[in-house]
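K.L.:
Next up is a structure, given as C-alpha cells.
Derivation of every value follows stated rules applied to the coordinates shown; laboratory data play no part. It should be emphasised that the depicted structure is a prediction, and the values quoted were computed from it without experimental measurement. No Cβ is skipped: glycine too gets one built from the backbone with ideal geometry, and neighbour counts run over all protein chains shown.
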Amino acid sequence: MVEKKTLTIMLASAPLGSQYADHMCRVALRALEKGHEVEIFLYGDAVHAQMNHQSPKLFFPVGEKLKELVVKGAKVYSCEICSVARGYISGQLTPDGKKDYSSTKVLDGIQFTTIFGFVESLARADKVLSFGGG
C-alpha cells in the first residue's frame, strides 16, 4: 500500500487584498483531489480567513473554501496567539485546566495550535508551501 504524501501550507497574509489565500485554497483542493493529506496553518493576519459569516462580495470566498477543504479532509490550524490577539478566541483556561477555543466567530473545523504545532506539521510534511508574508 502506498503511503499518502502530506502537503503542509502556511498562509501568512490577510485573506482579502491579495490572491495568496485564493491560490492556497486552489492548491490545497488539488492536492486533496490527488489523494494527498493537507495541513494548513493560518498565521498572522491570515487568521482573518477563519472568520465565520464572511460575505466578501467582490473577493474570493476564502471562508467558504476553507469549510469545503475541512469537509474534504484538510486539517486547518490557526495560530492560537494570533487568534487571541485579533479577538477570535479567548484562550482562557476552563475550570478543568483546558484552553477554551469555543467561539461563534470561527468557522467549524478550525483547530488551534501554536507555532510549535506548525513545526510538528513541518515534520510530517513531504512538501511545504508558504503563501504571503513579507
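K.L.:
Multiply the residue gap between Ala123 and Gln111 by 0.36 nm, knock off their C-alpha separation, and tell me the result in nm, one decimal place. Before the final figure, lay out the partial values.
P.N.:
Details: separation 12, 0.36 × 12 = 4.32 nm, distance 1.80 nm.
Full extension from Ala123 to Gln111 adds 2.5 nm.
K.L.:
Okay, moving on. Return the long-range amide H neighbours of Ile40 (sequence gap of 5 or more, or a different chain), with a cut-off of under 5 Å between placed amide H atoms.
P.N.:
Residues meeting the amide H criterion: Ile9, Lys75, Val76, Tyr77.
K.L.:
Test of understanding: in a Gaussian network model of the chain with alpha carbons linked when under 10 Å, which of Lys72, Lys57, Lys34 would top the mean-square fluctuation ranking?
P.N.:
Residue with maximal mean-square fluctuation among Lys72, Lys57, Lys34: Lys57.
K.L.:
What order do you get for 116-126, 61-71 when each peptide is scored by the mean count of other beta carbon atoms within 10 Å, highest first? All intermediate terms of the calculation are to be shown ahead of the outcome.
P.N.:
On the way: 116-126: 13.6, 61-71: 18.6.
Peptide ranking by packing, descending: 61-71, 116-126.
K.L.:
Here is a further query. Have a look at the DSSP beta bridges in the chain and tell me what percent are antiparallel, nearest 5.
P.N.:
Numbers: 2 of 21 bridges.
The antiparallel proportion sits near 10 percent.
K.L.:
Using Cα centres only, tell me the gap between region 1-60 and region 90-128 in whole Å.
P.N.:
Computed from Cα coordinates, the inter-centre distance equals 16 Å.
K.L.:
Please arrange His48, His23, His53 by counting, for each residue, the other beta carbons lying within 10 Å of its beta carbon, fewest first.
P.N.:
Details: His48 21, His23 16, His53 8.
Fewest-to-most Cβ neighbours within 10 Å comes out as His53, His23, His48.
K.L.:
Once phi is turned into θ = phi - 60°, what whole-Hz ³J(HN,Hα) does the Karplus curve with 6.51, -1.76 and 1.60 give for every residue of region 35-41, x standing for Gly and Pro?
P.N.:
Residue by residue, region 35-41 yields x, 8, 7, 10, 10, 10, 10 Hz.
K.L.:
Viscosity 1.567 mPa s, temperature 4 °C: Stokes-Einstein D of the chain from its Kirkwood Cα radius, in µm² per second? Show your work: numbers first, answer last.
P.N.:
Working: Rh = 15.0 Å.
Estimated via Stokes-Einstein, D reaches 86 µm²/s.
K.L.:
Return the long-range amide H neighbours of Phe112 (sequence gap of 5 or more, or a different chain), with a cut-off of under 5 Å between placed amide H atoms.
P.N.:
Ser78
K.L.:
Once you charge only the Cβ atoms, +1 for Lys and Arg and -1 for Asp and Glu, what is the size of the charge dipole of region 6-131 about its Cα centre, to the nearest 20 debye? Present the calculation step by step, with values, prior to reporting the outcome.
P.N.:
Details: 14 positive and 13 negative charges, 45 e Å.
Computed charge dipole of region 6-131: roughly 220 debye.
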